[in-house]
Amino acid sequence: MSERTLAIIKPDAVKKNAIGDIIARYEKAGLKPVAIRMMQFSKATAEGFYVVHKARPFFDSLCTFMSSGPVVVLVLQGDNAIKKNRDLMGATDPAKAEAGTIRKAHGANIEFNAVHGSDSPETAKFEIAYFFPQTDIVG
Ligand code: CMP
């Protein structure tokens, strides 16, 4: 079933010039970008995006990191896009991520973990709408 997911190439991965490598991995896996936006989050934008983690001890640090530099936000479309992208990313903690995954290749630790991907259809819907009006998504 074709579906859409939201991906973010985080400030750490942008800083290390990994945008091209990461987008190539999406495309090779059959995840087609249907919207792309490069931007720098304000702290408030990061806090709103990660609102489900508001009570977590790492929330403030996560939002400071996510607003520390430019990011690339993408909508990816393809069969089972949500799960496919999560498999491609690997475990949240790069130390536990399998070989061949994006986080294994580009993540440094559980916070600086290179990429984000939606974890469910409900989350994908919220996250896509957070950054993209329907009219900015092609395909
Ligand atoms: P992400 O997939 O973007 O979703 C929430 C983010 O919070 C996660 O990736 C990590 O960057 C961060 N995160 C999750 N767990 C921890 C943790 N225990 N300590 C610090 N950051 C975390």
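Taken together, the values in this text are just the output of simple stated rules run on the coordinates, not laboratory data. The structure displayed is predicted, hence computed values, not measured ones. Ideal geometry is used to build each Cβ from the backbone, glycine not excepted, and the neighbour counts take in all protein chains shown.
Things to note:
- Distance-filtered residues of the stretch 32-54 - backbone nitrogen under 18 Å, label point 7 angstrom along Thr135 Cα→Cβ: 35-37
- Among Met66, Met38, Met1, the order by Cβ neighbours within 10 angstrom, fewest to most, reads Met1, Met38, Met66.
- Placed amide H near Arg4: partners under 5 Å, 5+ positions off or other chain: none
- Ranked list, fewest to most other Cβ atoms within 10 Å of each Cβ, for Thr64, Thr5: Thr64, Thr5
- When only alpha carbons of the stretch 73-129 are considered, Rg and Dmax amount to 11.4, 32 Å.
- Taken about its Cα centre, the stretch 5-133 carries a charge dipole of roughly 160 debye when the Cβ of each Lys and Arg holds +1 and the Cβ of each Asp and Glu holds -1.
- Entry note, the chain: the mean residue ellipticity at 222 nm calculated from DSSP H runs of n ≥ 4, each adding -39500 (n - 2.57), is -10500 deg cm²/dmol after division by the residues and rounding to the nearest 500.
- Ascending count of other beta-carbon atoms within 10 Å, so fewest first, for Arg86, Arg103, Arg56: Arg56, Arg86, Arg103
- Percent of Cα pairs exceeding the 17 Å cut-off, where the set is the chain: 57 percent
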